[in-house]
Amino acid sequence: MIVVGGSTSRDLAKDIASIIGCKYIEAATVRFPDGECYTRIEEETLDDDVAIVQNTYPDENLVEMFLIQDAVRRAGAKSVTLVIPYFGYARQDRVFKNGEPESAKVMCELLSRVCDHVITVDIHKEAVLEAFKRPYKDVKAANAMGDYFKDKDIDMVFSPDIGAAGRAKMVGERMGVPYDHLEKKRLSGTEVVIQPAKSDVKGKGVLIVDDMISTGGTIMTATTQLKAAGARKVTVACTHGVYVNNALERLKASDIDDLLSCNTLISETSRISVAGMIADAIKERC
Ligand code: R5P
């Protein structure tokens with residue numbers, strides 16, 4: 001096995017290779033003056049199973065993934081596993097209004113041109129991966145989160161909505177603490193309302209878990225509700241810290257006591273590693 005790190009995920013790819021105990025190669029990716037991508041695998045031949053670790057967000061990184069796929073295949077890769085820690089377009093998983101594309105499906109179909117297996121992490125809706133028509137595995141970060149928070153003064157785990165209730169359950173069970181979900185209603189791309197928590201959170205250290213934080217609207221509203229209900233401390237953990245616009249600054253200035261994310265997207269909050277879980281998934285697939 002050889003692990004190739006694209007420009008979005010070099011440290012993660014190195015960690016994965018070190019856990020597997022295999023060779024790591026960095027894709028030598030640069031941008032031409034006009035912004036176009038140039039990449040190169042600086043090895044005579046690969047002649048092994050290859051796992052490429054690279055996010056497909058934002059769009060320029062998707063292009064880099066296409067080019068690395070072609071380069072590794074040309075260099076003789078026996079099989080190609082795409083490891084996509086953060087899969088762009090995953091939330092555009094259906095046609096919401098007439099005339100729209102099915103964006104997530106388009107991305108899967110294009111990416112499946114050169115690949116044998118696909119590994120993602122907490123993709124928004126796992127069913128999207130069926131469009132790859134290849135064996136796939138969506139790694140769940142809940143166990144990594146549960147392990148991280150085991151001795152960190154957390155009394156209860158919440159998800160901000162019922163859709164993510166399964167994640168709160170997995171994290172809570174891993175930590176051996178109770179879990180619940182809040183009721184969220186989305187009003188627009190940036191506005192949500194959340195009903196008061198039904199569980200008693202007075203004086204408790206609460207952890208809210210979600211798959212991603214984009215504008216931060218969901219998490220900030222959930223935190224406000226839990227603090228209003230008497231929570232002593234609110235810690236937030238997401239798998240993907242997307243943090244659009246100035247979301248990270250607003251989150252840091254909010255009532256949230258501690259904010260963490262996994263290392264699928266790199267920022268000052270990415271303190272929870274999913275490298276071990278991805279390494280296990282690679283070993284199982286190949
Ligand atoms: C929604 O279904 C997702 O799980 C997240 O809760 C949502 O995408 C977060 O977005 P934002 O940070 O913009 O509220």
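The values are calculated or read from the model by the stated rules, or taken from the named source; none is laboratory data. What you see is a predicted model; the values in this text were computed from it and never measured. We place every Cβ from the backbone using ideal geometry, glycine too, and count neighbours over all the protein chains shown. Note: accessible area is taken over every heavy atom of the protein model, side chains too, but ligands, DNA and RNA are not part of it. Shrake-Rupley method; radii C 1.70, N 1.55, O 1.52, S 1.80 Å.
Figures for the structure shown
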quantity	calculated
Test for Ile154: is it within 16 Å of the ligand (Cβ to nearest atom), open to solvent by less than 70 Å² (accessible area, probe 1.4 Å) and either farther than 30 Å from Pro101 by Cβ or assigned to a loop (DSSP other than H, G, I, E, B) (or both)	no
Strands (runs of 3 or more DSSP E) enclosed by the stretch 58-148 - at least 3 residues per element that are within 20 Å of Ser270 (Cβ to Cβ) and touching a strand residue (DSSP E or B) at 6+ places or on another chain (Cβ under 7 Å)	117-121
Condition check for Gly163: within 16 Å of the ligand (Cβ to nearest atom) and either under 22 Å from the mean Cα position of the chain (by Cα) or open to solvent by 50 Å² or more (accessible area, probe 1.4 Å) (or both)	yes
Counted residues, the stretch 119-141 - those being of a type outside the set (Asp, Glu), within 16 Å of the ligand (Cβ to nearest atom) and either without any contact (Cβ under 8 Å) to a residue 12 or more places away in the chain or buried (at least 23 other Cβ atoms within 10 Å of the Cβ) (or both)	5
Every pair of residues 6+ apart whose Cβ atoms lie under 8 Å, when the first sits in the stretch 207-229 and is under 16 Å from Pro196 (Cα atoms) while the second is within 6 Å of the ligand (Cβ to nearest atom) and in a loop (DSSP other than H, G, I, E, B)	Ile208/Pro160; Thr218/Pro160; Ile219/Pro160; Thr221/Pro160; Ala222/Pro160
Residue check for Ser103: closer than 23 Å to Ala127 by Cβ, surrounded by fewer than 19 Cβ atoms within 10 Å (Cβ to Cβ) and among the hydroxyl-bearing types (Ser, Thr, Tyr)	yes
Exclusive hit being more than 15 Å from the ligand (Cβ to nearest atom) and modelled with pLDDT under 95, set Ser188, Ser270, Ser199	Ser199
Within the stretch 182-286, strands (runs of 3 or more DSSP E) holding 1 or more residues that are of a type in the set (Gly, Ala, Ser) and surrounded by 18 or more Cβ atoms within 10 Å (Cβ to Cβ)	205-213, 233-241, 258-262, 270-272
Of residues in the stretch 87-104 being within 16 Å of the ligand (Cβ to nearest atom) and among the basic types (Lys, Arg), the one nearest to Gly6 (Cα to Cα)	Arg91
Some residue of the stretch 5-14 being assigned to a helix (DSSP H, G or I) and of a type in the set (A, V, I, L, M, F, W, C)	yes
